[in-house]
Amino acid sequence: MTTVAPEKPESVLVRRPGPEELHPVRTHRRRRALELTLATAVPLLLVLLWQLAAAQGWIDHRVYPAPSTILSDGWDRAAAGELWPDVSATLRRVLAGYAIGTATGYALGLLMGSLRLVRAALEPLLDALYVVPKLALLPVFLNMFGLGEGPQVALVATTVFFFVWIQTMSAVVAIPSGHRDAGQVFGASPWQTFRHILLPASLPSVLVGARIAAGVAVLVIVASEQIAATDGLGHLIFDSRALFQNDVMFVGIVCVAALGVLFSELVRTLGRLLTPWAPRDRGRGQS
């Protein structure tokens, strides 16, 4: 006689919805509020700690002036009109070089990404130039353009060019061939292919590279102004350090930081307006 064992009841896995599923809007607002709080509280806490250390004598205030002293000196220099010429000079060079570098980098990246023979001919040369530190090219630009604005603008343009070129070429190459084939099937002209296929597919990645290049452009111009300029924030920082005016040096550093953040945010905002179909890029994890 054969005995059949009773079947064990099957276990059922039940997943209960979490707060993100039940209240997505409320959860997003709380997370965003937490991110903004942390982004504000951490720098503020560091500044307060710096102020306390200077007030208690934990650090030498002659070498590391208190934030209140830096703010007061910066306000005085701005009110006296001594700060704006340097800010204007740096901003002028950054904007000019950024515009030239972005335009040339995008045009060449689009061309090399679309035409394989052009990419094969130019990519090894550009790769070799890319690894050269851009400040090492400043003497070359000084020989080409002489003293003045030319070398500064050329250095920024070269730096921005490589960031935008790499992002553009990579984005165009990554476009699936089926997209182009579909355009050819429907009889799209070269301009229509660019307008309706290449541009929307590559622009989000290009703008990410342009945003990164915006911050790097400010860093490069500050280093360049130290070497071959008689004005600008870079000149202000290193000249005041040589004269042991550390409060003025920190004023210049704060201005550079503010300029870099504002410029990067401007490019990011422009990217959001130009590419409403793309995921929002905040330089951090998406939520």
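The values are calculated or read from the model by the stated rules, or taken from the named source; none is laboratory data. Since the structure is predicted, the reported quantities are computational estimates derived from the model, not experimental observations. Cβ: placed from backbone, ideal geometry, glycine included. Neighbour counts: every protein chain shown. Just so you know, the surface numbers come from the protein's heavy atoms only, side chains and all, with ligands and any DNA or RNA stripped out. Shrake-Rupley method; radii C 1.70, N 1.55, O 1.52, S 1.80 Å.
Quick notes on this structure:
- Residue match in the stretch 207-229 (condition: more than 24 Å from Gly97 (Cβ to Cβ) and out of contact with any Cys (no Cβ under 7 Å at 6 or more places or on another chain)): no
- Residues of the stretch 228-239 that are among the β-branched types (Val, Ile, Thr) and open to solvent by 20 Å² or more (accessible area, probe 1.4 Å): Thr230 alone.
- Within the stretch 244-279, being aromatic (Phe, Trp, Tyr) and under 21 Å from Ala217 (Cβ atoms) holds for one residue alone: Phe263.
- Scanning the stretch 43-75 for residues that are within 28 Å of the chain's Cα centre (by Cα) and open to solvent by less than 80 Å² (accessible area, probe 1.4 Å), we see that the one that is farthest from Met249 (Cα to Cα) is Pro43.
- In the stretch 227-239, residue modelled with the lowest pLDDT [restricted to those that are outside any helix (DSSP H, G or I) and touching a helix residue (DSSP H, G or I) at 6+ places or on another chain (Cβ under 8 Å)]: Ala229
- Residue check for Gly146: modelled with pLDDT under 90, closer than 25 Å to Ser205 by Cβ and small (Gly, Ala, Ser): no
- Residue that is touching a residue at least 40 places away in the same chain (Cβ under 8 Å), in contact with a Ser or Thr (Cβ under 9 Å, 6 or more places away or on another chain) and not in a loop (DSSP other than H, G, I, E, B), where the choices are Arg211, Arg268: Arg211
- Where Thr102 falls short, out of the listed (1) over 28 Å from the mean Cα position of the chain (by Cα); (2) within 24 Å of Ala171 (Cβ to Cβ): (1)
- In the stretch 87-126, the residues that are of a type in the set (D, E, K, R), at pLDDT below 90 and either over 27 Å from Thr193 (Cβ atoms) or not in a helix (DSSP H, G or I) (or both): none
- Within the stretch 240-254, tally of residues that are open to solvent by 10 Å² or more (accessible area, probe 1.4 Å) and assigned to a helix (DSSP H, G or I): 9
Here is a yes/no grid of residues against (1) part of a helix (DSSP H, G or I); (2) of a type outside the set (Asp, Glu); (3) surrounded by fewer than 18 Cβ atoms within 10 Å (Cβ to Cβ):
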{"position": "Phe194", "(1), (2), (3)": "yes, yes, yes"}
{"position": "Leu203", "(1), (2), (3)": "yes, yes, no"}
{"position": "Leu207", "(1), (2), (3)": "yes, yes, no"}
{"position": "Glu225", "(1), (2), (3)": "yes, no, no"}
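- If you go through the stretch 164-178 and keep only what is at pLDDT 80 or above, surrounded by fewer than 22 Cβ atoms within 10 Å (Cβ to Cβ) and either touching an Asp or Glu at 6+ places or on another chain (Cβ under 9 Å) or hydroxyl-bearing (Ser, Thr, Tyr) (or both), you end up with just Ser170.
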